[in-house]
1. What single numbered condition from (1) at pLDDT 95 or above; (2) within 13 Å of Tyr107 (Cβ to Cβ) fails to hold for Arg85?
2. Just to be sure I understand, how many residues within the range 1-28 are farther than 30 Å from Ala86 by Cβ, surrounded by 12 or more Cβ atoms within 10 Å (Cβ to Cβ) and modelled with pLDDT of 90 or more?
3. Before we move on, is Glu75 closer than 22 Å to Tyr17 by Cβ, in contact (Cβ under 8 Å) with a residue 40 or more places away in the chain, surrounded by fewer than 16 Cβ atoms within 10 Å (Cβ to Cβ) and among the charged types (D, E, K, R)?
4. Which number in (1) under 13 Å from the mean Cα position of the chain (by Cα); (2) exposed (fewer than 14 other Cβ atoms within 10 Å of the Cβ) marks the one condition that Val35 misses?
5. In the list Arg11, Arg85, Arg23, which residue meets the criterion of being basic (Lys, Arg) and in contact (Cβ under 8 Å) with a residue 24 or more places away in the chain?
6. Residue under question is Pro66, and the condition is that it be closer than 14 Å to Val95 by Cα, under 13 Å from the mean Cα position of the chain (by Cα), of a type outside the set (A, V, I, L, M) and surrounded by 13 or more Cβ atoms within 10 Å (Cβ to Cβ); does it hold?
7. List the number of the failed condition for Glu45; all other conditions in (1) surrounded by fewer than 14 Cβ atoms within 10 Å (Cβ to Cβ); (2) in contact with a helix residue (DSSP H, G or I) (Cβ under 6 Å, 6 or more places away or on another chain); (3) among the charged types (D, E, K, R) hold.
8. Within the range 13-38, track down each residue that is in a strand (DSSP E or B) and of a type outside the set (A, V, I, L, M, F, W, C).
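The values are calculated or read from the model by the stated rules, or taken from the named source; none is laboratory data. If you're wondering where the values come from, they're calculated on a predicted model, not measured in any experiment. For neighbour counting, all protein chains shown are included, and Cβ atoms are generated from backbone atoms with ideal geometry for every residue, glycine included.
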Amino acid sequence: MDVTPLVPEGRQIVETYGDGGFRVSGVAYTTPIIVFPEHCLSWPEGDIDLLSIELLDPVFAAEEVPEILLLGCGETTVFMSPLLRAKIRERGPVVDVMNTGAACRTYNVLMTEARRVAAALLPVA
């Protein structure tokens with residue numbers, strides 16, 4: 001029995017990650033990315049320690065601001081300051097911080113459940 005979830009036409013799914021990049025719905029990226037159900041874009045952020053509310057502006061500028069923002073920190077999960085977490089929440093989404101692999105898998109599941117989700121992802125080696 002095939003248990004692969006059906007992905008609606010045009011939805012962005014993270015197919016692979018690693019080796020410093022990603023493949024999302026057949027398109028290769030060698031930079032950090034922000035993936036939404038409708039589109040994916042390169043993200044200039046490359047250092048989790050420099051993350052600020054301004055660097056997440058593409059998330060807040062989306063036509064439909066996500067209810068959940070997954071932050072893939074690279075190979076390991078890092079601590080997010082309570083102040084930054086509160087600033088993100090004020091703008092709409094609940095943020096969940098995890099390693100990039102977990103963020104990719106979680107994004108795919110939530111997206112197939114038609115949740116309003118976005119994932120800001122840093123590459124892993």
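1. (2)
2. Going through the range 1-28 one residue at a time, the tally reaches 7.
3. Judged against the criteria, Glu75 is a match.
4. Against the list (1) under 13 Å from the mean Cα position of the chain (by Cα); (2) exposed (fewer than 14 other Cβ atoms within 10 Å of the Cβ), Val35 comes up short only on (2).
5. Of the residues listed, the single one that is basic (Lys, Arg) and in contact (Cβ under 8 Å) with a residue 24 or more places away in the chain is Arg11.
6. So Pro66 passes the test.
7. Result: Glu45 passes all but (1).
8. Correct list: Glu15, Thr16, Tyr17, Gly18, Gly21, Arg23, Tyr29.
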